[in-house]
1. From the residues in segment 100-111 that are charged (D, E, K, R) and more than 16 Å from ligand 2 (Cβ to nearest atom), which one is surrounded by the fewest Cβ atoms within 10 Å (Cβ to Cβ)?
2. Can you pull out the helices (runs of 4 or more DSSP H) entirely within segment 200-298 that have at least 1 residues that are aromatic (Phe, Trp, Tyr) and loosely packed, with under 11 Cβ neighbours inside 10 Å?
3. Residue by residue through segment 2-17, note down the ones that are near ligand 1 (Cβ under 7 Å from one of its atoms), over 14 Å from Lys51 (Cβ atoms) and part of a strand (DSSP E or B).
4. With the condition kept exactly as written, say whether any residue in segment 158-169 is within 16 Å of ligand 1 (Cβ to nearest atom) and modelled with pLDDT of 90 or more.
5. Can you pull out the residues in segment 84-99 that are surrounded by fewer than 20 Cβ atoms within 10 Å (Cβ to Cβ) and in a strand (DSSP E or B)?
6. Under 6 Å by Cβ, and 6 or more places apart or on different chains, what pairs join a residue from segment 243-270 that is closer than 25 Å to Leu230 by Cα with one that is outside any helix (DSSP H, G or I)?
7. Show the residue pairs meeting these rules: Cβ distance below 9 Å; 6+ apart or different chains; first residue within segment 195-213 and closer than 22 Å to Leu224 by Cα; second residue assigned to a loop (DSSP other than H, G, I, E, B) and more than 10 Å from ligand 1 (Cβ to nearest atom).
8. Scan segment 73-96 for residues that are over 19 Å from the mean Cα position of the chain (by Cα) and of a type outside the set (A, V, I, L, M) and jot them down.
Amino acid sequence: MLSVVIPAYNEEGTVAEAARRTASVLRLARIPYELIFVDDGSSDGTWDAVKAASRENPRVRGLSFSRNFGKEAAILAGLEAARGECCAVMDCDLQHPPEKLPEMFRLWQEGWELVNGVKTERGRESGFHRLAVRIFNRILGGATGTDMSRASDFKLMDRQVAQVLLSLPERRTFFRALAPWTGFRETELEYRVEERKTGKSHWSFFSLARYAAAGIVGSTAAPLQIVTVLGCGVLLLALVLGVVTLANEILGRPVPGERGIVLLLLALGGCLMLSMGLMGYYLGRVFAEVQRRPRYLVARSCGPEEEK
Ligand code: UDP
Ligand code: MG
């Protein structure tokens, strides 16, 4: 059986169509399936839509979080609830075409343990956004050793891979990078990102930046080396400046005035504070991890023979 996990946050307008379209594609392909909608603490009628879809089709199940825990948590909750030998993760807004699922499923049957959906092209984005995304993908790609530039959360995986992801002890996960990190036999399948059906993207520039920072901090400690490099640079600068000043003093030439020194001190203070901020960010992450709070809280569930 194929379990399709569909995180949904304020998606009242898309749940019904996502359920119908995915179900009809899988029914046509004769793939036994279940759809698991995870309502990520939506404030609109998403949960009612999920319940309605579940009444309409007994293969639709639903979980509802007590509040918004984020897409990563929703993915993990869905995988935890999944009963299939094969699990897929797909967006609710139909930007990940369900028509690709049968093809992904066939690849799994051929023995691939992880099928990564990759975007043939990126959506419309501004130049600055594109640059930020490129830097982010470069850092993350370096950390995970995989090409992240076309990576997405549209994936299909063997039970084994899902089990590994679920067994990871960390609270803050980054699914897109973690799935390839498991190292199981993986392949790619291209898809075209469709336009969002209704509603709007939940990402603002700042939330995207936060997400990117969390992804990087969760995958690599390399940015911490920036502090070391910065320290070496400043030390070298101080050394050169010291020698030059001493030489000028001896030769009786003018030495840098007070203003120059104040500016230098300010720059140094800035570097120090930035470095502390960077270290603090990692420390905050460690703090969140040692707190060991649950990743999510399921408040309600629906569907046939619901055991949980
Ligand atoms: N989503 C979620 N929790 C959140 C934000 C988003 O479960 O806190 C879901 C959302 O309902 C959708 C998917 O994650 O199914 C992708 O979200 P969105 O379409 O906003 O992202 P984009 O496609 O713009 O990257
Ligand atoms: Mg979307």
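The values are calculated or read from the model by the stated rules, or taken from the named source; none is laboratory data. Given the structure is predicted, the values throughout are model-derived calculations rather than measurements. Glycine gets a Cβ as well: all are built from the backbone with ideal geometry, and neighbour counts include every protein chain shown.
1. Ranking the qualifying residues of segment 100-111, first place goes to Glu110.
2. 205-219, 258-291
3. Ile6, Pro7, listed by residue number.
4. There is no residue in segment 158-169 that is within 16 Å of ligand 1 (Cβ to nearest atom) and modelled with pLDDT of 90 or more.
5. none
6. Note: pairs meeting the criteria are Thr245/Val255.
7. Final answer for the pair search is Tyr211/Phe174.
8. Answer for segment 73-96, where residues must be over 19 Å from the mean Cα position of the chain (by Cα) and of a type outside the set (A, V, I, L, M): Arg83, Gly84, Glu85, Cys86.
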